[in-house]
Amino acid sequence: MIKILNGLNKHNHKAELEDMFRLRKKVFHDLLKWDVQVDGDFEVDHYDDANPIYVLSYTPGTEKLRGALRLLPTLGPNMLDDTFPVLLGDQPEIRSAAVWESSRFCIDPEISSDRSSNQVSIAAAEMMCGVGELGIASGLSHIVTVTDVFLERMFRRMGCPGERIADPQKIGSVYAVAIAWEVSEDLLENMKKIAEIPGRLLPAAMSLEQARAA
C-alpha cells in the first residue's frame, strides 16, 4: 500500500513524515554511513523545504512504513543539478518541466526480505510503480535519480534499468551514478508484471502538480 504526501502540508502529516525521516537516518546515516545531515533521529536536508512529493510504502494491515522516496521537479532545486553535477559528465543541466527527480530512495532493512516470488522487493516495486503512475498522469518524459551502482542493479531486476547519463563517480565511499528512466505505459506494465502487482496503485489518475497542491 502506498501513500502520496507533499511537503506543503507537512504539519497535517506530522507522524508519517517523522517516520520517514527516521527511516532515512536509519538507512543513509546509520547503515550506509553516508555524509548526510542529521537532526536528532531525523535525516532532513534543504530539499525537503522545496515542497517535494513523498511516495511512502506501508505493510498492509500494520500501517508500518517500509519504504520511501522523494520527488522534485528539475525546474527547481534538485540533487543532480545542484549537489552532484559531476554525475552529469559532459551533459548539460537537466531543467525541464517534463523531467522530475527521484531521491532518498530507501527500504527499511528490517523488512528488506519482504519480497515477491521473483525476489523483487515489494516496497521498492510499489514505490517505483507509483512514480510511474504519477509520471504518466503528469505527461512526464523522464524520471532521473542519483543512486549507487548497487541500487542500479536492483532497478534492473525490477524491470526498469534506465540509462546512465554519464559514467559512475566515486563520491565518498560510494560509486554513484545518475540514471534516467523514460516514463511510459510499457515500462510501468513491465514493472508491475515482474513484481506481480495487479491493477492501479493510486485510487485515481493523480498528477504530480495535483499531489503537490493537495
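Points worth noting:
- Here the condition is being among the small types (Gly, Ala, Ser) and touching a residue at least 40 places away in the same chain (Cβ under 8 Å); of Ala204, Ala166, it holds for Ala166 alone.
- Sole residue being closer than 21 Å to Glu196 by Cα, modelled with pLDDT of 95 or more and touching a Ser or Thr at 6+ places or on another chain (Cβ under 7 Å), chosen from Val55, Val131, Val99: Val131
- Residues of the stretch 175-201 satisfying the condition of being farther than 29 Å from Val86 by Cα, surrounded by 15 or more Cβ atoms within 10 Å (Cβ to Cβ) and touching a residue at least 60 places away in the same chain (Cβ under 8 Å): Met191, Lys192, Ile194, Ala195, Ile197, Leu201
- Every listed requirement among (1) surrounded by 13 or more Cβ atoms within 10 Å (Cβ to Cβ); (2) within 29 Å of Lys25 (Cβ to Cβ) is met by Gly172 save one, (1).
- Restricting attention to the stretch 22-72, the residues that are among the hydroxyl-bearing types (Ser, Thr, Tyr) and under 17 Å from the mean Cα position of the chain (by Cα) add up to 4.
- Residues that are in contact with a Leu (Cβ under 9 Å, 6 or more places away or on another chain), assigned to a helix (DSSP H, G or I) and acidic (Asp, Glu), drawn from the stretch 31-87: Asp48, Asp81
- From the options Phe21, Phe42, residue that is among the hydrophobic types (A, V, I, L, M, F, W, C), over 28 Å from Val99 (Cβ atoms) and surrounded by 16 or more Cβ atoms within 10 Å (Cβ to Cβ): Phe42
The values are calculated or read from the model by the stated rules, or taken from the named source; none is laboratory data. No experiment lies behind these values; they were computed from the predicted model shown. Positions of Cβ are backbone-derived with ideal geometry, glycine not excepted, and every protein chain shown enters the neighbour counts.
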